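Data block below; observations after.
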Amino acid sequence: MLKLPGGLVVWSDDKNESDAEKLAARLGVPFQVAEEPPEANWLLFFDDDRLYLHSGGHEGFRPLTVDYISGDFARRWRSATKNDILAKAVGLKKGVRTVCDAACGLGYDAFFLSTFKDLEVTACERSPLLAELVMDGLSRVKETGRFESNPIFFHFGDAIEFLQGRAFDAVFLDPMFPREEGASALPRKELQVL
């Protein structure tokens, strides 16, 4: 399991105190109730029943949340075909049926793959902070009832340990950084900071 970033605080303006307090207890970080957000390096808070991460210590960092069911990402999976580059990469057209995203990060690739009815997808994440954001996003998906027939299975912990004794048709890793100097496949600034 990865360590949490230093200076992480869970904040509530009191209306979501119960969820925020439970989150702070799970993560073992301070919980603060105040009308205004406290000065903190990292801040987790709920707004409109959605979990956000914000960084006071990184200029230009926008509050980060996981949203699988609206916006640009939703348009992508709603129009996806087996010819999508990720579907091809895991071998969907070649009969792959079970896939493990061994380093799911915010879970977007794993969720995208889970929208294909032929795939059973398991996502692993060892960062407790990212796991909380993913689980929050998945909880909103569950509320819609849309994906009961195509669930995504989530494992919080080390993928190497999880994979011992388990078999998948495909296991993939997206390390979130370029392998070569000068490569341009960098994630957006918020993910680079994490």
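The values are calculated or read from the model by the stated rules, or taken from the named source; none is laboratory data. This is a predicted model, so every value here is computed, not measured. Using ideal geometry, Cβ is built from the backbone for each residue, glycine included, and neighbour counts are taken over all protein chains shown. To get the accessible areas, we keep the full protein, side chains included, count just its heavy atoms, and leave off ligands, DNA and RNA. Shrake-Rupley method; radii C 1.70, N 1.55, O 1.52, S 1.80 Å.
The angle between the Cα long axis of helix 17-27 and the longest principal axis of the Cα atoms of the chain comes to about 70 degrees, rounded to the nearest 10. Quick one: pull the percent of accessible area on the chain belonging to carbon and sulfur, 1.4 Å probe, ligands and nucleic acids left out. Heavy-atom surface of the chain belonging to carbon and sulfur, 1.4 Å probe: 49 percent.
E143 contributes an accessible area of around 150 Å² to the protein surface, as traced by a 1.4 Å probe with all chains present.
Using Cβ point charges alone (K and R +1, D and E -1), the dipole size of the chain about the Cα centre works out to roughly 1100 debye. Counting only protein heavy atoms and a 1.4 Å probe, the chain has 57 square angstrom of accessible area per residue. Rounded to the nearest 10 degrees, the inclination of helix 128-144 to the longest alpha-carbon principal axis of the chain is 70 degrees. A simple rule links phi to the HN-Hα coupling: the Karplus curve 6.51 cos²θ - 1.76 cosθ + 1.60 with θ = phi - 60°, which for segment 85-97 gives 4, 6, 4, 5, 4, 7, x, 4, 6, 9, x, 5, 10 Hz, with x for Gly and Pro. Scoring 94-103, 48-57 by mean Cβ neighbours within 10 Å over their residues and listing the highest first yields 94-103, 48-57. Take every Cα pair under 8 Å whose residues are at least 6 apart in sequence, average their separation, divide by the length of segment 21-129, and the relative contact order is 16 percent. Over the residues of the chain, the helix contribution to mean residue ellipticity at 222 nm works out to -8500 deg cm²/dmol, using -39500 (n - 2.57) for each DSSP H run of at least 4. Compared with the alpha-carbon gap, the fully stretched path from R97 to D158 is longer by 19.7 nm at 0.36 nm per residue.
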